[in-house]
Amino acid sequence: MTAQLISGKELSQEKRVEMKSDVEELKRKGITPGLAVIIVGHDPASQTYVRGKQRACEEVGIHSLLIELEEDTKEEELLAKIDELNVDEAIDGILVQLPLPSQINEQAVIEKISPAKDVDGFHPINIGRMMTGQVCFLPCTPHGIVEMVKSQQIELEGKHVVVVGRSNIVGKPVGQLFLNENATVTYCHSRTNDLKQYTTQADILIAAAGKQHLIRGEHIKAGATVIDVGIHRLDNGKLTGDVNFDEAREKAAYITPVPGGVGPMTITMLLHNTILSAKRSRL
Ligand code: GUN
């Protein structure tokens, strides 16, 4: 079997076309959704991600405000900037690109962002609302993953979803979202004994461990859906994921590529949350 590709790039494109007309309609009502992106320091990977987010905003007509702060910025300065943006009526979403330099407490920053503008879905209030199935901002990568699986009309109810990785940004919340869809969820991580014992039981396998090619053909049940959240740059400059794609492709029924899989969907769900925030607070 050779797996069907789930293209996050194509699905994103479809969704962004709809979002663009959504934004045009809001603009006719005098509302321009606005996203503020804060980057602290000069990490090249973070700069690339932030540029991608800005370009995507332009594409759908969202106003984007980039705030670049120096590497040695004090925590109080960053918190004061967030306070300003929390009350700025032109700004519907605030995103602080992670990771932050070591002098800044990441959790304090996340908790400073108004839950009503927390388009990353990282604030404990939004996480708690997600866990209890209430209205909230869903975290972008997990939400994008669920949308990709749903785009293939893959049934979720009763299915076994195995998540490899337990980060606050992806692993933990993506399991919760699939649980909300009535799947059965297992979490594995770097300390799991006999990883393969679990992954081979997965109907849907989510590789979010941050370890290049951790998941090989032997980890995958024939006919499974494999979602690759990893992103690693090879010595030849190419990007690859947490999954050995060539091996996985021969076992899985559906697989997401890297690049062009989860990455574009993360940004698309950020746009979705920003537009949703504008509608919630201004319509
Ligand atoms: N760093 C890596 N991924 C993300 C993300 O989704 N949001 C933010 N704010 N920072 C990140």
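FYI, it's all coordinate maths here, none of it is from the lab. Predicted, not measured: the structure shown is a model, and the values here were computed from it. Heads up, the Cβs are rebuilt from the backbone with ideal geometry, glycines too, and the neighbour counts pull from every protein chain shown.
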Give a residue-ordered list of calculated ³J(HN,Hα) values for region 79-84 (Karplus: 6.51 cos²θ - 1.76 cosθ + 1.60, θ = phi - 60°; whole Hz; x for Gly, Pro).
4, 5, 4, 5, 4, 4
Can you tell me the order of 170-177, 20-27, 236-243, 266-273 when each peptide is scored by its average per-residue count of other Cβ atoms within 10 angstrom, highest first?
266-273, 170-177, 236-243, 20-27
Cα gyration tensor shape for the chain, rounded if a/c is under 1.5, else prolate or oblate
prolate
Region 184-242 to region 60-138: how many Å between their Cα centroids?
30
How much of the DSSP beta bridge set in region 87-241 is antiparallel, as a percent to the nearest 5?
15
Tell me whether region 1-109 comes out rounded, prolate or oblate; compute the Cα gyration tensor, take square roots of the eigenvalues as a ≥ b ≥ c, and use a/c under 1.5 as the rounded threshold.
oblate
Anyone know which of T225, T186, T73 comes out most mobile in the 10 Å Cα GNM of the chain?
T73
Mind checking the dipole of the chain: about its Cα centre, +1 per Lys or Arg Cβ, -1 per Asp or Glu Cβ, Debye to the nearest 20?
660
Can you tell me the length gained on complete extension of the stretch L234 to R51, counting 0.36 nm per residue apart and subtracting the Cα distance?
63.7 nm
Contact order relative to length of region 1-114, as percent, for alpha carbon pairs under 8 angstrom and 6 or more apart:
30
Is region 27-66 rounded, prolate or oblate when judged by the Cα gyration tensor, a ≥ b ≥ c being the square roots of its eigenvalues, rounded requiring a/c under 1.5 and prolate requiring a/b larger than b/c?
oblate
Net charge near I215: determine it from the other residues with C-beta under 11 Å of the C-beta of I215, scoring Lys and Arg +1 and Asp and Glu -1.
0
For the chain, give me the percentage of DSSP beta bridges that are antiparallel, rounded to the nearest 5 percent.
5
Counting sequence-distant residues (5 or more places) and residues on other chains, those with an amide H built under 5 Å from that of L69 are I39, V40, G41
